[in-house]
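Asks: Below is one structure. I have some questions about it.
Since every read-out is calculated from the coordinates, none of them should be taken as a lab result. The shown structure was predicted, so the numbers you read here are calculated from the model rather than taken from an experiment. Heads up, the Cβs are rebuilt from the backbone with ideal geometry, glycines too, and the neighbour counts pull from every protein chain shown.
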Amino acid sequence: SQTIHQWPATLVQPVGSPLSLECTVEGTSNPNLYWYRQAAGRGLQLLFYSVGIGQISSEVPQNLSASRPQDRQFILSSKKLLLSDSGFYLCAWSLGQGPGEKLFFGSGTQLSVL
Amino acid sequence: AQSVTQPDIHITVSEGASLELRCNYSYGATPYLFWYVQSPGQGLQLLLKYFSGDTLVQGIKGFEAEFKRSQSSFNLRKPSVHWSDAAEYFCAVGAPGNTPLVFGKGTRLSVIA
């Protein structure tokens, strides 16, 4: 069966420090991968999605970047964190087989930038 | 582009009472509609989805939703709420092609005794 791993679960970082959040999927090949951010009162905001290795689409201009070095690995990064980067970050995957298919979510990373 | 509105930020219901969470979407054609639930500090879990056919969709945990094209709505319902249903609920809309879902801002459900 397929599983998604996301870590760390919580992270406290000072402003200006770098960030690296990792997400891996097991049990499937060539998934679509997504990074969402959930800020208080703002719902789920799609940050990046990827339909294949090295293919990254950015939905919102921001202080963050994403990379997909391997088929089932998706990394969210920042060189210098801002206070506004605080939030709950969710990784998700789907099979990429067609419109509106089911998303499978990781358990999230709560990032606090102080 | 598609969009989703969940008009209610927070709803409180008594255990055993019925529940309806509202969702309105904007999309030019027949959308693909979803409801996800998020327990505190966790990821999201799919409750149900609508692609085509019967406009009343049954999901897990006793939830159902009805697609009403004339009202551009996809409201989530449950006849009798349990305390374990307290969570945040997200409506989402998808479109043809390999494009990501668009989520609403969510409705937080509180259940009181």
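Asks: At 7 Å along Cα-to-Cβ for each site, give me the label-to-label distance between B:Ser39 and A:Ser84 in nm.
Replies: If labels sit at B:Ser39 and A:Ser84, their model points lie 3.5 nm apart.
Asks: Another one. When the chain is fully extended, how far beyond the present Cα-Cα distance does B:Asp54 get from B:Arg22, taking 0.36 nm per residue of separation?
Replies: My answer for the length gained is 9.6 nm.
Asks: Here's something else I'd like to know. When a/c reaches 1.5 or more, the comparison of a/b and b/c decides; with that in mind, is chain B rounded, prolate or oblate per its Cα gyration tensor?
Replies: Cα axes put chain B in the prolate bin.
Asks: Restricting to Cα pairs below 8 Å that are 6+ residues apart, what does the relative contact order work out to for chain B? Please round to a whole percent.
Replies: 38 percent
Asks: Follow-up question, since we're still on this one. Which entries of A:Lys79/B:Lys105; A:Lys102/B:Lys105; B:Lys49/B:Lys78 show an alpha-carbon separation above 20 angstrom in the structure shown?
Replies: Long pairs (Cα-Cα over 20 Å): A:Lys79/B:Lys105.
Asks: If I model a spin label as a point 7 Å beyond the Cα along the Cα-Cβ vector, how far apart are those points for B:Ser70 and B:Ala1 in nm?
Replies: With each label placed 7 Å out from Cα toward Cβ, I get 3.2 nm.
Asks: For A:Gln70 and B:Lys61, what is the calculated FRET efficiency with R₀ set at 35 Å and r taken between the beta-carbons, to the nearest 0.05?
Replies: 0.50
Asks: Cα to Cα, under 12 Å, and not fewer than 8 places away if on the same chain: which aspartates and glutamates meet these conditions relative to B:Lys61?
Replies: Within reach: B:Asp85.
Asks: Another question, then. Please name which of A:Ala66, A:Ile4, A:Asn30 has its Cα lying farthest along the dipole of chain A towards the positive end, using unit charges on Cβ (Lys, Arg +1; Asp, Glu -1) and the Cα centre as origin.
Replies: A:Ala66
Asks: Please work out the C-alpha center-to-center distance from region B:64-102 to region A:59-88 and express it in whole Å.
Replies: Value for the Cα centre distance between the two parts: 28 Å.
Asks: In terms of the Cα gyration tensor, with a ≥ b ≥ c the square roots of its eigenvalues, is region A:1-53 rounded because a/c is under 1.5, prolate because a/b exceeds b/c, or oblate?
Replies: prolate
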